[in-house]
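None of the figures in this text is laboratory data; all of them are computed from the coordinates on show. All values reported here derive from a predicted model rather than from experimental measurement. Neighbour counts are summed over all protein chains in view; Cβ atoms, including those assigned to glycine, are modelled from backbone coordinates with ideal geometry.
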Amino acid sequence: MDFPTILVLATAITGTVWALDALLWAPKRRERAAPGGTQEAADKAPYLIELSRSFFPVILIVLLIRSFVVEPFRIPSGSMMPTLLVGDFILVNKFSYGLRLPVLNTRFLDLGSPQRGDIIVFRYPEDPRVDYIKRVIGIPGDTVAYRSKVLYINGEPIAQDYVGSYVGAGSGAVMTGANVRAEKLADSSHQILLLPEGFERGFDYTVGDGQYFVMGDNRDNSRDSRFWGTVPEANLVGKAFFIWMNWDSAAGRIDWSRIGSGIK
């Protein structure tokens, strides 16, 4: 049982108790109240009912915000370096790609779809209980290729500009010395990491309808669509857009410079 399921159940249980009390139990308590008793005594409810009435609005608000507005996530690995670092706490826009029912994940309102260059959170196709984060490289109908560590979209190479040598800290120290390159997808430029001697997993792939080809920005250290295929539209969770905290246990400190950063 995952957290969304627990939230839905908690909302349903506390809401049902609150409604039953308002419609049935509270009037009966007032009827049974002794003549001349105070209104406070007549309205006094058992502890569990008081608890439900107090928590129901709070749980409902959390459920609505988490399901339809934003959801927090923590970055556990370095697959999206240098854009996202281990220990980044991020916010994900839940309505960028349409509104979905909690738990069922069924889209009931279409508000858009991922574009090339978007950083998306999705349920891992091989284990939907696990959330992954990657960058969209190919959208439905695209032909994506990777040769000599250069992306080709529909036959056109995606230019890379050398930026410098990466210097990592904490959990990211293992990538020190990697090449930092600027890559442009659509109208957005982002940085990627490439190991000069890293293993290249070349491919040619045509993205099917309702599917998205994703890759990590840490190109030689990311398990992504090159290994397990594309992300179905039904697995989309939302679009990453903001870093609100960073704590990397390997570094043993907060990286204050990352707090409040946008994600692109």
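Over segment 71-262, the pair-distance histogram of Cα-Cα distances with 10 Å bins from zero comes to 9, 36, 37, 16, 2 percent, rounded to whole numbers.
Counting only alpha carbon atoms, the long axis of helix 47-68 and the longest principal axis of the chain meet at about 30°.
Listed by chain and number, the lysines whose C-alpha is less than 17 Å from the C-alpha of K44, apart from same-chain residues fewer than 8 away, are K28.
Relative contact order of the chain: 20 percent, from C-alpha pairs under 8 Å at least 6 residues apart in sequence.
Counting only residues at least eight positions apart within a chain, or on another chain, the lysines with an alpha carbon under 25 Å from that of K264 are K94, K134, K149, K184, K239.
Each 10 Å bin, from zero up to the one with the longest distance, holds this percent of the alpha carbon pairs of segment 120-165: 22, 35, 34, 10. Loop-located GluC sites (Glu not before Pro) in segment 145-205 (DSSP state other than H, G, I, E, B) with a sparse environment of at most 16 neighbouring Cβ atoms within 10 Å: E197, E200.
Looking at segment 151-264 alone, DSSP beta bridges between its own residues are antiparallel in about 95 percent of cases.
Fewest neighbouring Cβ atoms within 10 Å first, the residues K134, K28, K239, K149 line up as K28, K149, K239, K134. Applying the Karplus relation 6.51 cos²θ - 1.76 cosθ + 1.60 with θ = phi - 60° to segment 169-178 yields 3J(HN,Hα) values of 9, x, 5, x, 5, 5, 9, 4, x, 5 Hz, where x marks Gly and Pro. The alpha carbons of segment 22-156 give a radius of gyration and a Dmax of 25.0, 88 Å, in that order.
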